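**Q** Structure incoming, see below.
What follows draws every value from the coordinates through simple rules; no lab data is involved. What you are looking at is a predicted structure, and each value in this text was computed from that prediction instead of being measured. Quick reminder, even Gly has a Cβ in these numbers, built from the backbone with ideal geometry, and neighbours come from all protein chains shown.
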Amino acid sequence: MKKSAFLLVIVLALSLILAACSAGDAPSADLKVEFTDFTFNPNAFTIPAGREITLVAANAGAVMHEFVIMKLGATVGDDFGDEDEGNIYWEIEVEPGESKTVTFTAPEAGEYQIVCGTKGHFVAGMVGSLTVVAP
Ligand SMILES: [Cu+2]
């Protein structure tokens, strides 16, 4: 085998190992999210059911943003409004330029909708998903 071909095999093997390690859907109890106007980055999270979850939320936008986890089976309709307040599982709000570290207890396993409850932001596309898996 030529030296260059051997190196190519090594590089391919290493990149496969790295890809396996960075798979994003392993459940984690430590979450980070950055808010911009008007996105959650990242916008999909996987956490273990029933565990205490630490969330670091940084608002890099110019306006206040919220991280609202809807109750299991509840989703926001056309826009986030007063009728959705009763369907909130947990929420925080973060002022622009601010970063907060908070904790909450993960709910039972299932798919949950994450939205920003600031007026107009849901419609602007500030939506995400939370996957809770049995630990
Ligand atoms: Cu927002």
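**Q** List the residues of the range 35-53 whose backbone N lies under 15 Å from a point placed 7 Å from the Cα of Glu111 along the Cα-to-Cβ direction.
**A** Correct set: 44-47.
**Q** Here is a follow-up. Amide H of Glu98 versus every other amide H placed in the peptide plane: which residues, excluding those fewer than 5 positions away on the same chain, fall under 5 Å?
**A** It is Asn59, by chain and number.
**Q** Counting only the backbone N, which residues of the range 110-135 are under 17 Å from the spot 7 Å out from the Cα of Thr46 toward its beta-carbon?
**A** 110-113, 129-135
**Q** By how many nm would the segment from Val63 to Glu85 lengthen if fully extended, with 0.36 nm per residue of separation less the alpha-carbon distance? Mind dumping the intermediate values first?
**A** Working: separation 22, 0.36 × 22 = 7.92 nm, distance 2.06 nm.
My answer for the length gained is 5.9 nm.
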